[in-house]
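A.B. asks: Take this structure, written in structure tokens, and hold onto it; I'll ask about it next.
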Amino acid sequence: MLDNTGRIISWNMSAERMMGYGAKEVLGKNYSIFFSKEEIRQEVFIKALAMAAQKGGFTAEGIRVRKDGSHFWARVFITRVREGKRGATFFVLVTQDITQQKAREKKREEYIGIASHEMKNPITTLALYSELLAKGLQLESDKKNLHMLRDMQTQTARLTRLVEDLLVVSKLESGTLELRKEVFNPSALVTMVIRDFQNSAPTHKIICKKGTLGFQVRADRARIVQVLINLLTNAVKYSPRSNKVLVRVGARKNKCIISVEDFGTGIGKKDQRKIFTRFFRGDDTAVVDVAGTGLGLYISREIMKRHHERLTMKSVVGRGTTFSFTLSSS
């Protein structure tokens with residue numbers, strides 16, 4: 001237990017076993033002693049305590065050091081407690097050792113990365129040879145076999161996207177995703193993406209509305225294309241009874257705002273809280289049969305985070321969903 005300044009006022013046997021310090025060694029000291037010098041400099045603990053005081057609770061993960069110098073991964077839960085309406089405020093802090101969980105996650109991510117990388121080469125070869133075969137069948141006017149081959153190409157393309165998504169997730173989780181930022185015109189980029197995407201979405205008309213934009217942006221062009229394609233793909237996928245998707249490009253101060261609006265099933269409030277979670281698939285009966293891995297929005301949100309930009313969502317069930325993201329001027 002901590003007082004309202006973060007000083008330790010109670011220290012149980014579980015804390016003693018986990019951290020290696022007895023109660024007499026830590027009582028009266030600020031809990032920040034368990035944080036690194038860099039975290040202390042960045043006031044990580046002060047901010048966590050302030051967040052817990054404001055919202056009633058706070059959860060965080062990080063590396064902690066025991067008395068013997070050994071390190072472990074910790075998940076910390078801080079809960080604010082008040083003694084009456086005007087009574088003193090103190091905090092209950094619970095630490096969970098998640099070292100083994102993190103080790104399992106790391107092994108899993110390494111396996112996904114290796115497996116995805118190994119799958120990429122044979123899939124690329126399949127795609128190349130199937131295109132060569134398709135050209136031959138086209139010349140011979142063999143429509144029956146050409147139709148089957150086109151179906152095979154569609155499935156190969158789906159598999160390619162899945163492998164690419166898994167590779168990106170692996171890089172995101174390991175912190176190795178690099179951004180190659182450059183200056184470009186976002187309006188021109190959106191026009192190009194819509195033109196190319198429209199060929200693969202014959203059921204929907206992609207409509208673009210552009211406002212006045214007097215500046216260029218600086219970002220990883222390829223990653224922004226990936227985000228936009230993910231949002232367009234979802235917009236078409238989850239609006240099967242509609243025939244259009246609306247893309248807007250506008251500006252607010254020094255920010256470019258790009259939004260993708262569909263007129264489909266919408267997202268329920270329960271699912272809205274989890275929509276950017278990795279592998280999340282909504283259980284709404286209207287979308288449960290829609291193919292997907294639940295990675296697109298997670299990847300898109302993480303890409304925008306690494307640009308220090310925002311990806312937000314507004315949705316009304318039965319009316320549609322709008323995803324918007326920002327880009328900063330160069």
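The values are calculated or read from the model by the stated rules, or taken from the named source; none is laboratory data. Worth saying up front: this structure is predicted, and the values here are computed from it rather than measured. Positions of Cβ are generated from backbone atoms using ideal geometry, with glycine treated the same way; all protein chains shown enter the neighbour counts.
A.B. asks: Just name the residue that is nearest to P240 (Cα to Cα) out of those in the stretch 189-224 that are among the small types (G, A, S) and outside any loop (DSSP other than H, G, I, E, B).
C.D. replies: Going residue by residue through the stretch 189-224, those that are among the small types (G, A, S) are 200-201, 211, 214, 219, 222.
With the extra rule that they be outside any loop (DSSP other than H, G, I, E, B), the set shrinks to 219, 222.
Values: A219: 32, A222: 28 Å.
This residue is A222.
A.B. asks: Next question. For the stretch 172-184, indicate whether the set of residues that are at negative phi, in a helix (DSSP H, G or I), aliphatic (A, V, I, L, M) and over 17 Å from the mean Cα position of the chain (by Cα) is non-empty. Show your work before the answer.
C.D. replies: First pass over the stretch 172-184, keeping only residues at negative phi: 172-174, 176-184.
If we keep only those that are in a helix (DSSP H, G or I) too, we end up with 172-174.
Now restrict to residues that are aliphatic (A, V, I, L, M): 172.
If we keep only those that are over 17 Å from the mean Cα position of the chain (by Cα) too, we end up with none.
Looking for residues that are at negative phi, in a helix (DSSP H, G or I), aliphatic (A, V, I, L, M) and over 17 Å from the mean Cα position of the chain (by Cα), one finds none in the stretch 172-184, hence no.
A.B. asks: One residue is enough: does the stretch 101-124 have a residue meeting the conditions at pLDDT 80 or above and of a type in the set (F, W, Y)?
C.D. replies: No: zero hits.
A.B. asks: Does the stretch 106-116 include one or more residues that are in the same structural domain as D165 (by TED's automatic domain parsing) and either surrounded by fewer than 11 Cβ atoms within 10 Å (Cβ to Cβ) or outside any helix (DSSP H, G or I) (or both)?
C.D. replies: Here is the first cut: in the stretch 106-116, the residues in the same structural domain as D165 (by TED's automatic domain parsing) are 106-116.
From what's left, either surrounded by fewer than 11 Cβ atoms within 10 Å (Cβ to Cβ) or outside any helix (DSSP H, G or I) (or both): 107.
There is at least one residue in the stretch 106-116 that is in the same structural domain as D165 (by TED's automatic domain parsing) and either surrounded by fewer than 11 Cβ atoms within 10 Å (Cβ to Cβ) or outside any helix (DSSP H, G or I) (or both).
A.B. asks: Would you please name the residue that is surrounded by the most Cβ atoms within 10 Å (Cβ to Cβ), looking only at residues in the stretch 167-198 that are small (G, A, S) and more than 30 Å from I112 (Cβ to Cβ)? Talk me through it step by step, then tell me what you get.
C.D. replies: Of the residues in the stretch 167-198, the ones small (G, A, S) are 170, 174-175, 187-188.
Checking the rest, the ones that are also more than 30 Å from I112 (Cβ to Cβ) come to 187-188.
Numbers: S187: 19, A188: 11.
Here the residue is S187.
A.B. asks: I would also like to ask the following. Given the structure, is R80 at pLDDT 90 or above, assigned to a strand (DSSP E or B) and under 22 Å from the mean Cα position of the chain (by Cα)?
C.D. replies: Details: at pLDDT 90 or above: yes; assigned to a strand (DSSP E or B): yes; under 22 Å from the mean Cα position of the chain (by Cα): no.
When the stated conditions are applied, R80 does not pass them.
A.B. asks: Also: Return the pair list, or none, for Cβ contacts closer than 6 Å from residues in the stretch 20-39 that are at negative phi to residues that are buried (at least 17 other Cβ atoms within 10 Å of the Cβ) and aliphatic (A, V, I, L, M), at least 6 apart or on different chains.
C.D. replies: Pairs found: V26/I8; L27/I8; K29/I8; Y31/L2; Y31/I8.
A.B. asks: Another question, if that's okay. Determine whether the stretch 35-57 contains at least one residue that is farther than 20 Å from I98 by Cα, at pLDDT below 95, basic (K, R) and under 26 Å from the mean Cα position of the chain (by Cα).
C.D. replies: Pass one, the stretch 35-57, residues farther than 20 Å from I98 by Cα: 37-38, 40-43, 46-47, 49-56.
Among the residues that remain, those that are also at pLDDT below 95 are: 37-38, 40-43, 46-47, 49-56.
Filter once more, keeping what is basic (K, R): 37, 41, 47, 55.
Imposing the further condition that a residue be under 26 Å from the mean Cα position of the chain (by Cα) reduces the set to 47, 55.
Within the stretch 35-57, one or more residues are farther than 20 Å from I98 by Cα, at pLDDT below 95, basic (K, R) and under 26 Å from the mean Cα position of the chain (by Cα).
A.B. asks: I've got another one for you. Please give the number of the condition T154 fails out of (1) among the polar types (S, T, N, Q); (2) touching a residue at least 24 places away in the same chain (Cβ under 8 Å); (3) assigned to a helix (DSSP H, G or I).
C.D. replies: It is condition (2) that T154 fails.
A.B. asks: Read through the list (1) over 30 Å from L172 (Cβ atoms); (2) assigned to a helix (DSSP H, G or I); (3) at pLDDT 90 or above, then give the number of the only condition that A134 fails.
C.D. replies: Here A134 meets the rest and fails (3).
A.B. asks: Then there is this: Any residue in the stretch 233-260 that is within 16 Å of V316 (Cα to Cα) sitting within a Cβ distance under 6 Å of a residue that is surrounded by 21 or more Cβ atoms within 10 Å (Cβ to Cβ) and of a type in the set (G, A, S)? List the pairs, counting only those 6 or more apart or interchain.
C.D. replies: Pairs found: Y238/G264; S239/G264; S242/G264; V245/A235; V260/A235.
A.B. asks: Would you please name the residue that is modelled with the lowest pLDDT, looking only at residues in the stretch 58-75 that are in contact with a helix residue (DSSP H, G or I) (Cβ under 8 Å, 6 or more places away or on another chain), under 17 Å from R17 (Cβ atoms) and hydrophobic (A, V, I, L, M, F, W, C)?
C.D. replies: Taking the stretch 58-75 first, the residues in contact with a helix residue (DSSP H, G or I) (Cβ under 8 Å, 6 or more places away or on another chain) are 58, 60, 62, 64-67, 72-73.
Filter again for under 17 Å from R17 (Cβ atoms), leaving 64-67, 72-73.
With hydrophobic (A, V, I, L, M, F, W, C) added as a condition, the list becomes 65, 72-73.
Working: V65: 86, F72: 91, W73: 92.
By that ranking, first place goes to V65.
A.B. asks: What are the residues in the stretch 40-56 that are touching a strand residue (DSSP E or B) at 6+ places or on another chain (Cβ under 7 Å) and either exposed (fewer than 14 other Cβ atoms within 10 Å of the Cβ) or charged (D, E, K, R) (or both), if any?
C.D. replies: Within the stretch 40-56, G56 is the sole residue that qualifies.
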